[in-house]
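Read the structure below first, then the notes.
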Amino acid sequence: MGDMANNSVLYSGVKNSLKEANHDGDFGITLAELRVLMDLRSTDALRKIQESYGDVYGICTRLKTSPNEVCGEVSVGEEEGEGETGWIEGAAILLSVVCVVLVTAFNDWSKEKQFRGLQSRIEQEQKFTVIRGGQVIQIPVADIIVGDIAQVKYGDLLPADGILIQGNDLKIDESSLTGESDHVRKSLDKDPLLLSGTHVMEGSGRMVVTAVGINSQTGIIFTLLGAGSEEEEKKDEKKKEKKNKKQDGAIENRNKAKAQDGAAMEMQPLKSEDGGDGDEKDKKKSNLPKKEKSVLQGKLTKLAVQIGKAGLLMSAITVIILVLYFVIDTFWVQKRQWLAECTPIYIQYFVKFFIIGVTVLVVAVPEGLPLAVTISLAYSVKKMMKDNNLVRHLDACETMGNATAICSDKTGTLTMNRMTVVQAYINEKHYKKVPEPEAIPPNILSYLVTGISVNCAYTSKILPPEKEGGLPRHVGNKTECALLGFLLDLKRDYQDVRNEIPEESLYKVYTFNSVRKSMSTVLKNSDGSYRIFSKGASEIILKKCFKILSANGEAKVFRPRDRDDIIKTVIEPMASEGLRTICLAFRDFPAGEPEPDWDNENDIVTGLTCIAVVGIEDPVRPEVPDAIKKCQKAGITVRMVTGDNINTARAIASKCGILHPGEDFLCIEGKDFNRRIRNEKGEIEQERIDKIWPKLRVLARSSPTDKHTLVKGIIDSTVSDQRQVVAVTGDGTNDGPALKKADVGFAMGIAGTDVAKEASDIILTDDNFTSIVKAVMWGRNVYDSISKFLQFQLTVNVVAVIVAFTGACITQDSPLKAVQMLWVNLIMDTLASLALATEPPTESLLLRKPYGRNKPLISRTMMKNILGHAFYQLVVVFTLLFAGEKFFDIDSGRNAPLHAPPSEHYTIVFNTFVLMQLFNEINARKIHGERNVFEGIFNNIIFCTIVLGTFVVQIIIVQFGGKPFSCSELSIEQWLWSVFLGMGTLLWGQLISTIPTSRLKFLKEAGHGTQKEEIPEEELAEDVEEIDHAERELRRGQILWFRGLNRIQTQIRVVNAFRSSLYEGLEKPESRSSIHNFMTHPEFRIEDSEPHIPLIDDTDAEDDAPTKRNSSPPPSPNKNNNAVDSGIYLTIEMNKSATSSSPGSPLHSLETSL
C-alpha cells in the first residue's frame, strides 16, 4: 500500500508541474515535447514514440510513473472462537449498502449513456444536400467528406469549406468569421472560396468540399475557443487572449484532442502554462454541475437538510437515553460494580445502543430524495424522446411543468411549414380553390407552367414521400415549392420543362432577395429573342405590369385603375384571410432590337404582362387548435411572436385559437411595440412593458431583439403574484438570445440552426406545437411524482423513527433491527422512488393551473395524508408490540437477552410494518385527495412489478431469512393477520380523504421554495452559479464578512462621490424602478436601449458599468457629472436587489441585495 501512496504523490507532482510548467527539468520529458507528441496522429505518433522514447513505458518512466503498480496485498486473519453468526449482521448491512450504491450507480450510468446518445442524435440530425453518383441526396453533416460536391442555396449555413464550381448570383454573409456585415459576392473568376459557418444570403450554386471538421474555418475557431465549454469560459478565454498570447497553442492542442476523441478531461492539466489559470478552470469544472440544480431540487435539498437535522437530533437523543437508562439501571438501581471481566459485555451493549441510534438516523434521513428526482427526470426524459422532445438540460423538463406563458413562433410550429396555393386569380376570375386545368386557356397554362418551372430555383423540388401515406417532401424554398405543387395540382409536371431547359442554359437569373422581393429568369429563344419570367410580392410586380392576360388568353392593357380594382377585390381579401399573394408575370424582348443592358435590372423588369396572382398560405397544423385550448385550460397563456405581417399573423392566431372574438387583447407590430415600451430617451422601461404584456397575444413583424425584450420583460415583471415562467420557441441563429433568456427554450429540430439548438433546453424533433403541450404534461408529472414519493417516504420516516425511538426507550431494544430497517429503507428509498417516479402522465394534469415557483412541495392535503396514515400505522405497531403476544398467544419478544434468537412476536411486528408500507404505496399514488387510488394502476407496469416483487422478497425474508434478518417463520394465520392489517391502510385512506382539508386549520405546508430575501437572484442574473442550500448554511459566516466589507467600501465610495458632487441635478430613482429606467446617462445603457444589437445577456454590459464610470465623462450640464453618476449607480445598486451580477462571484448578488 505504501507503493500505492508514493505513486499517487508522484502523480500529483506530475500534475502540478505540468500546470506550472517551470519544473520541466525534474522530468525526462518537457511540456513542449508532450504537446508536439499530442499534435501528431496515428502512424506519425507511433513513429515518434518509438524513435524518441522506445515505447509507452519509456514515457511512463520519464514521467516518473509506473503502469504496473500493484496494490498492497491485504490478508485477513480470523480469530477462532468468534461468534458463528457475528458476521451476519455486518454482511447484511454491507449487502444492502452495496445494493443501494449499485442502483444509484446504474442509474447515473444509464443517464450518462442516454445523454451521449442524445448528443450523437443531435449531430446526426443536421443534414446537407450533396451529389454522389449523380444522385442528389441529403446526408448528415458529419458524413460530408473532402471531395463531395455540395449544393448550396439561399438560407444555408455552410458546414464545410469548399471551392465554388457553379453559382447563380451567390452572395454570402461572412460576418460570423469576419465581423463585416456586407454580403460578399462569390463567383468563379473573383472569389470562389466558400467558408464553413457562413450563411448563403442570395442565390444558389455547387461547391467541391476541401476541408471539414476541425480543419475547416469554423473548426479552427472552435478549437481555439474551446468548443463545448461553458459560455463564461468562452468569455474568460476572450479576455485572456489579450493577456496570454502564448497560451493559444496549448488551448488549440487541448481542443483538437477534445474534437478528436472527447478526451477533454484527461487533457485538462496539460492545458495552461501558468498554474493559476489551470486552477481557475478546475474551479469552473467543479462548478458545472451546480448549474443543473433547479427550483425543485432546491426545495428538495432544503427539505432534506431539515429532515436530516431532525433525524440526527432524534438518533442522538435515542443513544443518550439508552446509555443513561442502562447505566442508571445497572449501576444505580441494581447497585452492580464495574468489573474488569464484564467490560467486553458492557461495550457490546454500548455498541448495540450505538447501532440502534444509527438505525434511527438511517431511517430518518431520506437518502431516496435525490434518487427519486433523478429517476423521475431521467425516466421522463427518456419517454419525452418518444413524444418528440429531445431534452438537453434535465431541469428544463421540470421547469416546463410550471410554465405560465409560451411565446411561440408561427411558421413550422403552429403551421405546417408547407406552403400551399389555395386561391388564384387567373384569366380575370378569382378562384377560391385551385381551378381545374380545363378552365384555364391553353396559352395561359403554357405561360404558367414554363414560368413557374424555370423561374423557381432548380434546387427547389417536390420529392415523393419518405413513408407510404406521408405527404410529398418539399425540398428548397417553401414558396417555390408551393408554386411547383400548384402545377402538380393542375396535372402538369415541372420536371419535363426543366429537362428541356436545363439550369446551365438559363441566360440570366436575378435571384430573390429581401430588397428586390422578386425573382426573374431570362431565357434566350432559338430565334434570338429573349423572354423574362418574373415572380414576387404582388404589390411590387403589379406596379411593373402594363398588360394582363384576359379571359380569352390575349394580353390587354392594364391601367392603374384596373390595378386598384384587383388590389381591392382580390389581393386585400386574400391578405385578410392570412394568404401571401404572389404575382406571376412575363415580358418578351423581340429579336430585332439591340440587346438590353442586363445589369440594369430596373429597365429589364418592367413593362411586364401579368399571368396570374396566387394566394399562398402555410396551413395551420390540424392538431394545434386543440393543443392551444389545452394550454389555456392549464393556465398557460400562448403568445405568437412572428416576423410575418400583422394581417397574416392575426388570421393564423384566430384559426389557432390564440385570439377569441370579443376578448380584450393586443395585436401589435414590432415597431409599435418598441414605441410603446421606450421613454423619450429611447430606453426600455419595465413599467411600460408591464402595461403591454398581460394583454399582448400577437407580436408581428418582430425582430429577434423584440423577442428577447418581451421575454425579459415578462420574466422580470412584478405585476402578478407569482414570477412568470416563460417558454420560448425559436429556430434561427437570431433567436439565440431569447432562447437563452427564457426559463425553457425550445429549438426546432428540423428547421433550427445549430446556434438555436445550442442555446435551447429542449429540441422539438418534429417542430410541432403539440410536443410543447406534452412537455408541460411531463413537467407537471415530474413534480407530482416527487410529491407522491415524498408523501410515501415521510409516512415511513415518521412511523419508523417514532417506533425505533419509543421502542428503544421503553424496551431497551429497537423492535425493528438494523438489517430490517435497511430493508425498509431499501424498499422505501430505491424501489418506491422507482415505482412512484415512473407513473405516466394523464390528461387530467392539464386541468389545473401551474403550481408556481414558491409552491411548497408538501401541500396541506399531503400533510393530512402523511399524519393520518402515520397515526394508523403507529396504533397498529404499538398494539402489536405491547399486546401482540397475548393476541397471537406466543412468547413476548420484549426484554430479550443480548444474543437471543429471533422471536415470532417481533417478526410479526416487522412483517405487518412492511406490509402496511406496501399497501400505503398504492395510497401514495394520489396526492390531491382523490378517492380511487387504483385508477390507471395497470398502465404502470413498473409499479405493479415492484409492489409484487417486494411482496415476494418479504415472504422469502420472513420465512427463510432466519438469524441474518432477525426473523422466525410465521404460520398462515399470522400471515393473513399481517396482510389484513396492511390492507387496513387502504380503508383508512378512504376515511382520511373524507375529512375536508379546510377544516384542519393546524396543518402546515412544508418544502417551500427558497424565498427571495435568502437567495441570490439567480432567476434574474443569468450567470450566477446557484449555491445549494446545504452549502449556504456553511457559508453564512463568509457571507457576513463579505457583506461587512462590501458595505464599508460602498459607504466610502458614496461619501467620496457626494463630497465632490453637487446635489442639484440628482434625480431620485422611481419607487419600483427596473434596471432599465435608472440608466439615464449614456454610460449605463445596456442592450435594451440599442435595439439593433442583440446581446446574449446583460451581465457584460453591467460589469462594464463601473469601469465606464471612471472613464472620461460625456458633455453634460452638470460639472461633476462623473461623481454624481457614481453616486447614483452605487445608491441604486445598494437599494435594489441586483438584477445581474458578476459571474465570477456567486456571493456578489447576496451582497447587493441589501
Using only the alpha carbons, work out the radius of gyration and Dmax of the range 466-509 in angstrom. 12.7, 40
So, with +1 on the Cβ of K and R and -1 on the Cβ of D and E, and no other charges, what is the size of the charge dipole of the range 602-644 about its Cα centre, to the nearest 20 debye? 460 debye
Considering only Ile677, Thr705, Val725, whose Cα is most displaced toward the positive end of the charge dipole of the range 666-736, charges sitting on Cβ of Lys, Arg (+1) and Asp, Glu (-1)? Ile677
Taking amide H positions as placed 1.01 Å from N in the peptide plane, with prolines and chain starts having none, which residues 5 or more places from Arg853, or on another chain, fall under 5 Å of its amide H? Arg723
Largest first and in whole Å, give the semi-axes of the range 800-954's equivalent ellipsoid, each being the square root of 5 times a Cα gyration tensor eigenvalue. 35, 17, 14
Cα-Cα longer than 19 Å, checked against Lys433/Lys491; Lys302/Lys1001; Lys695/Lys741; Lys864/Lys1001; Lys429/Lys556, kept in input order, equals Lys302/Lys1001; Lys695/Lys741
Pairs Lys127/Lys757; Lys382/Lys633; Lys630/Lys774; Lys127/Lys153; Lys383/Lys774; Lys508/Lys535: which are spaced more than 19 Å apart, C-alpha to C-alpha? Lys382/Lys633
Along the range 962-973, Karplus-curve 3J(HN,Hα) (6.51, -1.76, 1.60; θ = phi - 60°) to the nearest Hz, with x for Gly and Pro, reads x, 4, x, 9, 6, 10, 10, 4, 10, 7, 4, 4
Calculate I(q)/I(0) for the range 886-936 by the Debye formula, one identical point scatterer on each C-alpha and no solvent, and give its log10 at q = 0.23 Å⁻¹ to two decimals. -0.86
Starting at 0 and stepping by 5 Å, how many percent of the alpha carbon pairs of the range 292-414 end up in each bin? 2, 9, 12, 12, 10, 9, 8, 7, 6, 6, 5, 4, 4, 3, 2, 1, 1, 0
GluC sites (Glu not before Pro) within the range 613-703: DSSP coil, no more than 15 neighbouring Cβ in 10 Å: Glu623, Glu663, Glu680
Where does each of Glu112, Glu839 land when they are ordered by accessible area, with a 1.4 Å probe and the largest first? Glu112, Glu839
Could you tally the net charge around Phe943, taking each other residue with its Cβ under 9 Å from the Cβ of Phe943, Lys/Arg +1 and Asp/Glu -1? -1
What are the ³J(HN,Hα) couplings of the range 613-629, residue after residue, when phi is run through the Karplus curve with 6.51, -1.76, 1.60 and θ = phi - 60°? Round to Hz, x for glycine and proline. 10, 10, x, 10, 9, 9, x, 5, 4, x, 8, 5, x, 5, 5, 5, 4
Considering only protein heavy atoms, what is the solvent-accessible area of Ser526 at a probe of 1.4 Å, reported in Å² to the nearest 10? 130 Å²
With a 1.4 Å probe and every protein chain kept in, tell me what percent of the accessible surface of the range 129-211 is carbon plus sulfur. 52 percent
In what order, largest first, do Leu158, Leu506 sit by accessible area if the probe radius is 1.4 Å? Leu506, Leu158
Can you give me the P(r) profile for the range 788-829? Cα pairs, bins 10 angstrom wide beginning at 0, each as a whole percent. 30, 51, 18, 1
Given C-alpha coordinates of the range 551-628, what is the ratio Rg to Rh with the Kirkwood estimate of Rh? 1.15
quick shape note, the range 814-860: Cα extents on principal axes in Å, largest first -> 45, 24, 15
The long-range amide H neighbours of Cys407, using H built 1.01 Å from N in the peptide plane and a cut-off of under 5 Å, are Arg639, Ala727, Val728, Thr729
What are the ³J(HN,Hα) values, in whole Hz, obtained from phi via the Karplus relation 6.51 cos²θ - 1.76 cosθ + 1.60 with θ = phi - 60°, for each residue of the range 396-410 in sequence order, with x given for Gly and Pro? 4, 4, 6, 4, 4, x, 9, 4, 10, 9, 10, 9, 10, 5, 8
Dividing the convex hull volume of the alpha carbon atoms of the range 416-490 by its residue count, what do you get in Å³ per residue? 101 Å³
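The values are calculated or read from the model by the stated rules, or taken from the named source; none is laboratory data. Note that this is a predicted model, so its numbers are computed, not measured. Positions of Cβ are generated from backbone atoms using ideal geometry, with glycine treated the same way; all protein chains shown enter the neighbour counts. When the accessible area is computed, the model is the full protein with side chains, heavy atoms only, and any ligands, DNA or RNA have been set aside. Shrake-Rupley method; radii C 1.70, N 1.55, O 1.52, S 1.80 Å.
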